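Below is one structure; the comments refer to it alone.
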Amino acid sequence: MKNNCVFCAIAAGEIPSFKIYEDDLVLAYLDINPFSKGHTLVIPKAHTKGLLDTDNAVLADVIAKVKKVAAHVALTIGCDGFNILQNNGDAAGQTVRHVHFHIIPRWNGDPLTFENKKGDMDELAALAEKIRM
């Protein structure tokens, strides 16, 4: 891996991912340890550590893509709602120092938790194929 940042390596194609959306500046892909079915990460391809370190123009582009991808994921998998989560620093649970947004689909009656579950790679591949934009 040439990149020291796992998300930069994913964006560069050095680590495989279950891509949902991609353009020149932004990548969205399924989390392999999801909180819920369809849990998607949206990142700028260029490295930036956290929200406060990220250029406003980059944030504007990324959040527009978060909205676009969230609408598509919600429609495609039929969830009742979704959370948008963005962590900054250890105290907030940021484990990868590359700004990213979580789209976490929710269904009525599900408990509101943020616990990772090990994803089944075959199920994730099938889901990515279903919701890819």
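The values are calculated or read from the model by the stated rules, or taken from the named source; none is laboratory data. Treat the numbers as computed from the prediction; the structure is a model and nothing was measured. Positions of Cβ are generated from backbone atoms using ideal geometry, with glycine treated the same way; all protein chains shown enter the neighbour counts. Heads up: the accessible areas ignore ligands, DNA and RNA and are worked out on the full protein's heavy atoms, side chains in. Shrake-Rupley method; radii C 1.70, N 1.55, O 1.52, S 1.80 Å.
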Restricting to segment 51-82, what's the tally of residues that are at pLDDT 95 or above and either in contact with a Gly (Cβ under 9 Å, 6 or more places away or on another chain) or of a type in the set (D, E, K, R) (or both)?
12
Within segment 19-30, is even one residue in contact with a His (Cβ under 6 Å, 6 or more places away or on another chain) and either farther than 18 Å from Arg132 by Cβ or assigned to a loop (DSSP other than H, G, I, E, B) (or both)?
no
If you check Ala91 against the conditions, is it outside any loop (DSSP other than H, G, I, E, B), touching a residue at least 12 places away in the same chain (Cβ under 8 Å), of a type in the set (Gly, Ala, Ser) and under 22 Å from Phe114 (Cβ atoms)?
no
Here are some conditions: (1) buried (at least 16 other Cβ atoms within 10 Å of the Cβ); (2) modelled with pLDDT of 95 or more. Phe35 meets all but one. Which one does it not meet?
(2)
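If you take the residues in segment 47-88 that are of a type in the set (Val, Ile, Thr) and assigned to a helix (DSSP H, G or I), which one is most open to solvent (accessible area, probe 1.4 Å)? Break it down stepwise before answering.
Going through segment 47-88, the residues of a type in the set (Val, Ile, Thr) turn out to be 48, 54, 58, 62-63, 66, 69, 73, 76-77, 84.
Next cut, assigned to a helix (DSSP H, G or I) only: 58, 62-63, 66, 69, 73, 76-77.
Working: Val58: 58, Val62: 4, Ile63: 79, Val66: 4, Val69: 1, Val73: 2, Thr76: 40, Ile77: 20 Å².
Looking at the filtered set, the residue picked out is Ile63.
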Being assigned to a loop (DSSP other than H, G, I, E, B), aromatic (Phe, Trp, Tyr) and on the phi < 0 side of the Ramachandran plot, is that true of even one residue in segment 3-14?
no
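Among the residues of segment 13-52, write down those that are over 13 Å from the mean Cα position of the chain (by Cα) and touching a residue at least 12 places away in the same chain (Cβ under 8 Å). Spell out how you get there, then give the answer.
Pass one, segment 13-52, residues over 13 Å from the mean Cα position of the chain (by Cα): 13-16, 23-25, 46-52.
Those that are over 13 Å from the mean Cα position of the chain (by Cα) and touching a residue at least 12 places away in the same chain (Cβ under 8 Å): Glu14, Ile15, Asp23, Asp24, Leu25, Ala46, His47, Thr48, Lys49, Gly50, Leu51, Leu52.
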Has segment 92-102 got at least one residue that is surrounded by fewer than 21 Cβ atoms within 10 Å (Cβ to Cβ), within 20 Å of Leu127 (Cα to Cα), modelled with pLDDT of 95 or more and not small (Gly, Ala, Ser)?
yes
